[in-house]
Every structure is written in structure tokens, then in C-alpha cells.
Amino acid sequence: MIFSYGFHRPANKAFSNRANNGFAVVELFTSEGCSSCPPADEAVTALAKEYPSNVYVLCFHVDYWNYLGWKDAFSSADYTARQQQYAAVFNINSIYTPQAIVNGRIEFTGSDKKKLYAVVQDALVKNVNSIMAISAKATGMKGITVAYKTNLDSRSVLQLAIVQVAATSAVKRGENKGMLLHHINVVRTLKMVDDGNGTTNMVLPEGLAAKDCRIVALVQSRADLHISGVNECVIQ
């Protein structure tokens, strides 16, 4: 893996407190083993570059295409389970890639760039970001302490993600054999907390340094998985 490609959101504050008007969280469920996914990766990369201040792209690599001959190093059964939770809410019979979900409210094929931009633009007009503050500090070789404060109630949870800002993979087998795939904002760890004000400890994945990652926090409904707030910070 070479960590040298992708979009970097402007961020120069260790402790960020955003309560901007519109926002859009774009979750892309993808896989390096799926030949339909590279166009979706390109679409969200372009989107993130165009909307650097209030669109948050999170790429979840699922594990159910690994049997095709290429094991996606970023894949996790936890992310497949997250996609299945969405499928239940959306009343979808089966999960698929590439799938995009915006603010936990609307799902569609992630490679449909026209649909992606239309849904995001609509979200930016309609959704008001809740107040949230987060900070993250490296503690030792791999530890991270994340501090957070938000208006969380009993109907919602706080999702904290360690996001690898950029990655490149040379795929040697499977449907994308011979391709050099570029990724942005790859979710490497996702942790749920129930309180809205406190600190929690997380661990950087093997092979990554704090400079390679950011922390993204989501306020998400327990019942319908709608996202009502988002923020991010660098790791100091």
C-alpha cells in the first residue's frame, strides 16, 4: 500500500466546532473485488474535491466480494453488517456494491454521478448540522484519545470513525486484476459511544500513522439510522 493519493479537506484546527447550515454525509459501500466499484470511487473523489467544507465522504469496504480471488485489505465484516442494517431500514432484499447512502436517508447506486450530485445538493439545502465539537490526540505508538461534546439524546448514538485519508492498491487478482485503485477516506475503525460528552480511546490500524488519518464523528438515530450531525478533526 502507498498512502499518497486523494483529497485532503482543509483543516488546521485540532479542536473543531462546526454548526454550519447544510451538510451531507456520503457513505460509499465498495470493494476492490468488484469491477463496478472503481467508477463510484472516482465519483466520490470528485464530489469531495468540489465540496470541501460540508460534504463528508466515508468509504466502507465490505468483505463479501473477497471470494472472487482478491481479498480487499480494507474490507471488514463489520462494514458488511452496517450495510445490512441500512438494507433493513430501506426494506431492500439484498445488499450490493457500489451503494451510496446520503445522511442515512437515501440510497442509490454509487456510480450514478448525476444522482449523487443531485442528492447531495438537496441535502445541503435541507439539512442543518447539529452542534458538535471533537478533538483527537495521539497517545503513544498507536493510541488515540478522542474528546467529544454534542447534543446527543437517548434516541441517537455517536459513531466515531478513524478514516484513512488516501490509499492506493495494485490489484493482482479478481475482477479488477491489473488495476491501480485510488481510494479516499477509507474507514478503518468504527466505534459507537452512547454518551454525548466525554472521551474514548481508539487504536490506529497497523501500518498507519496519525498523519495518515482523521477522526470523523456522526450523530445517528438508533431507529431509522438518519444522520443529524457530523464533524471531523485531525489527530494531534
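Values quoted throughout were computed directly from the atomic coordinates according to the rules given, and no laboratory measurement underlies them. This is a predicted model, so every value here is computed, not measured. Counting neighbours? That spans all protein chains shown, and the Cβs are built from the backbone with ideal geometry, glycine included.
How high is the FRET efficiency from LYS211 to THR109, r the C-beta distance, R0 35 Å, rounded to 0.05?
The formula returns an efficiency of 0.55 here.
Compute the FRET efficiency between LYS142 and LYS177 as 1/(1 + (r/R0)^6), taking r as their Cβ-Cβ distance and R0 = 25 Å, and round to the nearest 0.05.
Values: r = 33 Å, r/R0 = 1.32.
E between LYS142 and LYS177, to the nearest 0.05, is 0.15.
Summarise the long-distance tail of P(r) for the chain by giving the % of C-alpha pairs beyond 22 Å. Tail fraction, whole percent: 50. Helix-only arithmetic for the chain: the sum of -39500 (n - 2.57) across DSSP H runs with n ≥ 4, divided by the residue total, places the mean residue ellipticity at 222 nm at -5500 deg cm²/dmol.
Ordered by the number of other Cβ atoms lying within 10 Å of each residue's own Cβ, fewest first, GLU42, GLU175 fall into the sequence GLU42, GLU175.
Placing +1 on each Lys and Arg Cβ and -1 on each Asp and Glu Cβ, with no other charges, gives the chain a dipole about its Cα centre of roughly 420 debye. Of SER156, SER94, SER75, the residue with the greatest mean-square motion in the GNM of the chain, using alpha carbon springs below 10 Å, is SER94.
Residue separation of ARG155 and TYR67 scaled by 0.36 nm, minus their Cα-Cα distance, works out to 27.9 nm of gained length. Two numbers describe the Cα atoms of segment 79-148: Rg and Dmax, which are 16.5, 45 Å.
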